[in-house]
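Comments concern the structure below.
Coordinate-derived values only; no laboratory data. This is a predicted model, so every value here is computed, not measured. All Cβ positions, even for glycine, are placed from backbone atoms using ideal geometry, and neighbour counts span all protein chains on display.
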Amino acid sequence: MVKQYLNGCTKLIAKGEYLEAIVGYEFILKLDPLSIQAFKGIAICYANLKKWQKALEFILSALVHGGNRREEMLVFIDILELSELNSYVDIIERTLLISMKDPTIEHRAIPLLSQQVAAKHPQSFSCQAIEFNEGTNNLIQDKSFCILLERNLVNNYLIEDLLKLSRKEILQRASHGKDICAYLPFLSSLACQLLLNDGLYSVSEDESILLNQLTKKNRLTTGEMLVQICYLNFADMLLFWKENKKTLSMNGLTNIVNDLQFYTEVVSAENVNILENGTSKKVQSFYINNPYPKWKAAKIKMDVTGLSPIFEQCGKIIPSTLNVLFAGCGTGKQLVNLALIYPKANITAIDISPTSLAYAKLMIEKYNIKNINFQLLDILKISQLKLSFDYIVCTGVLHHMASPQNGLNSLADVLNPDGIMLLAFYSKRARENFANIKNNAMSFLETTGTTISREGVKKWRGQISSEQKLNDWYCVRDFFNLNGLYDLLFHPQQTEYLPKELKSLVQKAKLSFEWMSNVSNAEGIASKYPIPTKKETWEYWDMVERDNPDTFTNMFNFYVTKSISSLEQ
């Protein structure tokens with residue numbers, strides 16, 4: 001009987017009759033006071049009625065009675081995102097901490113937990129930290145804040161300043177022999193953050209003096225060792241780990257121990273010299289030293305419809321057995337979602353950097369993904385696989401080749417006749433601002449670009465002004481990790497494009513432009529510049545970009561298919 005009532009309530013929700021559904025679910029709870037489906041159903045109804053407090057109350061009941069199942073946790077996350085709750089609630093924070101244990105939900109929980117931490121410590125998040133005070137002390141000893149440091153790249157200058165201030169305060173206390181045991185969880189989490197951002201933060205002269213005093217001791221405590229790690233560059237962190245592995249492993253510092261071991265495995269990846277092209281070798285060397293992007297949580301959208309709408313928009317049918325190529329997969333962040341949506345797909349992921357591939361392989365294990373075949377391979381040699389593909393992803397890769405045209409031609413050759421390819425290239429207009437920033441950096445460093453060092457880049461970044469920090473160009477994610485900065489500003493090989501140049505590139509590869517994807521302010525652009533009724537054109541997007549040069553800051557992302565002429569041959 002309860003099952004029939006539940007089906008009836010589901011139908012009421014589908015018709016938008018939420019109040020009637022609530023009455024039905026309340027009746028079910030009289031029959032079965034522990035009905036998880038009823039609690040969840042009432043929560044969904046109240047959410048649709050925008051009664052957020054009630055919605056949260058019932059979904060939390062569903063989670064308690066259901067043992068925090070993923071199904072109810074997703075509804076909880078949905079409600080929190082829609083409600084835009086900006087006040088601190090203890091039970092919400094605790095539930096978010098539980099949700100972060102699920103890798104497929106983690107990325108959605110992180111910003112919500114960040115909001116809770118900010119609401120719990122409003123003073124620390126409202127203005128720049130000038131001195132270490134009680135509020136800062138409470139924040140860095142907050143468990144949730146420490147977990148966020150471990151899992152997510154800090155991309156906020158205010159929080160970054162607070163971290164550097166706290167690091168210095170703890171160093172001062174340690175160098176004067178004071179007890180810093182209370183800060184072990186924070187120091188361990190900060191070390192995880194510094195591994196993630198490649199030891200980005202510069203070190204002042206007075207900190208260097210204090211650090212020298214501290215490290216002269218014959219024997220360091222665990223806390224003092226963590227302080228030292230938090231001041232090392234990335235390579236030296238791994239060296240320190242190699243020399244002190246036993247001591248650090250014995251102190252229950254699971255988070256930093258796991259991260260140090262992870263990165264040690266990544267950088268020790270063996271390189272089999274399979275490259276012939278000189279530029280490919282140069283780019284390989286760059287990414288061996290600067291694996292990019294470094295990440296902890298991929299964006300998972302398991303409820304989306306996958307590739308079907310993309311194939312339909314191109315007038316094609318998605319094959320039952322899907323063969324996918326990620327050409328230049330990097331550290332694997334793009335791979336995860338598609339592999340989870342299509343667990344039976346045959347996915348081939350190639351890259352020329354053994355370090356990036358090692359990173360990708362280790363991260364894929366986190367999501368228990370089994371359908372990816374990794375290959376250390378140059379795009380120019382893709383034919384060696386003797387495979388063809390229904391869907392190819394090559395984003396942010398071809399513009400780093402000596403001849404992007406040759407690279408695209410190679411990919412076009414292995415694209416099935418009814419296949420689709422997703423491409424992404426740098427925009428010449430959008431990146432003018434980054435060119436200016438690069439010139440600013442090289443002027444500061446007094447170099448033409450051939451002698452740029454990681455310590456020099458850190459020193460330059462450490463002196464950028466408060467005014468520059470307010471500029472959107474200095475706030476892109478790549479500014480908050482050293483590898484990202486190198487990829488953004490100091491890559492040894494890159495080509496930038498205008499729409500008309502991409503048109504030529506695509507046509508020469510005998511491909512046909514379908515439509516632009518992931519456009520900034522897409523709705524605003526569409527309302528101001530009506531899209532051609534038949535099909536998007538490169539001329540249309542050239543007009544849009546001339547008027548709005550920042551449109552493709554995140555690159556031109558677009559879909560192509562085999563051109564009719566190539567299919568007829």
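Give Lys164/Lys216; Lys296/Lys562; Lys15/Lys344 a once-over and call out the pairs whose C-alpha atoms are over 25 Å from each other.
Lys296/Lys562; Lys15/Lys344
Which semi-axis lengths, in whole Å and largest first, follow from the square roots of five times the eigenvalues of the Cα gyration tensor of the chain? Working shown, then result.
Numbers: eigenvalues 298, 279, 106 Å².
Result for the chain: semi-axes of 39, 37, 23 Å.
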Those aspartates and glutamates that a straight Cα-Cα span of less than 20 Å connects to Lys316, excepting residues fewer than 8 apart in one chain: Asp390, Asp413, Asp418, Glu514, Glu536, Glu568
Arrange the following residues from fewest to most other Cβ atoms within 10 Å of their Cβ: Trp538, Trp515. Trp515, Trp538
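Under the rule a/c < 1.5 gives rounded, and otherwise a/b versus b/c splits prolate from oblate, where does the range 447-569 land using the Cα gyration tensor?
oblate
Return Ser175, Ser520 ranked ascending by Cβ neighbour count within 10 Å, so the fewest neighbours appear first.
Values: Ser175 20, Ser520 13.
Sorted ascending by nearby Cβ count, the order is Ser520, Ser175.
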Which of the peptides 403-413, 239-249 is most tightly packed, and how do the rest follow, going by the mean number of other Cβ atoms within 10 Å of each residue? 403-413, 239-249
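Which GluC sites (Glu not before Pro) does the range 53-94 hold that lie in a coil by DSSP with at most 15 other beta carbons within 10 Å?
Working: sites: Glu57, Glu71, Glu72, Glu81, Glu84, Glu93; in loops: Glu84.
When the GluC sites (Glu not before Pro) of the range 53-94 are filtered for loop state and at most 15 Cβ neighbours within 10 Å, Glu84 remain.
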Stokes-Einstein translational diffusion, the range 432-489 - Kirkwood Rh over all Cα pairs, 1.567 mPa s, 4 °C, in µm²/s: 112 µm²/s
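Can you list, largest first and rounded to whole Å, the semi-axes you get for the range 150-267 by taking the square root of 5 times each eigenvalue of its Cα gyration tensor?
Calculated on Cα positions only, the semi-axes equal 20, 18, 13 Å.
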Net dipole in debye of the range 150-267 [+1 Lys, Arg Cβ; -1 Asp, Glu Cβ; about Cα centre; nearest 20]: 440 debye
Excluding Met442 itself, what net charge comes from residues whose Cβ is under 14 Å from its Cβ, given Lys and Arg +1 and Asp and Glu -1? +2
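Please tell me the relative contact order of the range 295-347 in percent, rounded to the nearest whole number, where contacts are Cα pairs under 8 Å and at least six residues apart. If you can, show how the numbers build up before the last one.
Values: 38 pairs, mean separation 23.9, N = 53.
That works out to 45 percent.
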Please give the net charge around Thr495, taking every other residue with its beta carbon less than 13 angstrom from that of Thr495, where Lys and Arg add +1 and Asp and Glu add -1. 0
I'd like the distance between the alpha-carbon centres of the range 472-499 and the range 26-45, rounded to an integer number of Å. 51 Å
1/(1 + (r/R0)^6) with r = Cβ-Cβ of His176 and Lys11, R0 = 56 Å, i.e. FRET efficiency to nearest 0.05, evaluates to 0.20
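Based on the alpha-carbon gyration tensor of the range 247-398 and its eigenvalue square roots a ≥ b ≥ c, which shape applies: rounded if a/c is under 1.5, prolate if not and a/b is larger than b/c, or oblate? Don't jump to the answer; show the numbers that get you there.
Values: a/c = 2.48, a/b = 1.31, b/c = 1.89.
In terms of gyration-tensor shape, oblate.
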From zero outward in steps of 10 Å, how is the percent of C-alpha pairs of the range 2-120 spread across the bins? 15, 45, 29, 11, 0
Ile347 long-range amide H proximity, modeled H, under 5 Å: Val324, Asn373
Proxy exposure order for Met250, Met363 (fewest C-beta within 10 Å first) is Met250, Met363
What does the charge dipole of the chain about its Cα centre add up to, to the nearest 20 debye, if the Cβ of each Lys and Arg holds +1 and the Cβ of each Asp and Glu holds -1? 820 debye
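Show me 539-545, 331-337, 450-456, 369-375 ranked by packing, highest mean number of other Cβ atoms within 10 Å first. Can you show the working numbers first?
Details: 539-545: 17.7, 331-337: 22.7, 450-456: 13.0, 369-375: 15.9.
Top of the packing list down: 331-337, 539-545, 369-375, 450-456.
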Positive dipole terminus of the range 432-489, leading residue within Val476, Gln463, Asn433 (C-beta point charges): Gln463
Identify, among Ser189, Ser388, Gln172, the residue whose Cα sits farthest towards the positive end of the charge dipole of the chain, taking +1 on the Cβ of Lys and Arg and -1 on the Cβ of Asp and Glu, with the dipole about the Cα centre. Ser388
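Assuming R0 = 51 Å, what is the FRET efficiency of Val89 and Gln384, from their Cβ-Cβ distance, to the nearest 0.05?
Numbers: r = 56 Å, r/R0 = 1.10.
The pair Val89/Gln384 has a calculated efficiency of 0.35.
So which trypsin sites (Lys or Arg not before Pro) in the range 462-569 are both in a DSSP loop and have at most 15 other Cβ atoms within 10 Å of their Cβ? Don't skip to the answer; put the middle values down first.
Details: sites: Lys469, Arg477, Lys500, Lys503, Lys508, Lys510, Lys528, Lys534, Lys535, Arg546, Lys562; in loops: Lys510, Lys534, Lys535.
Loop-located and lightly packed - Lys534, Lys535.
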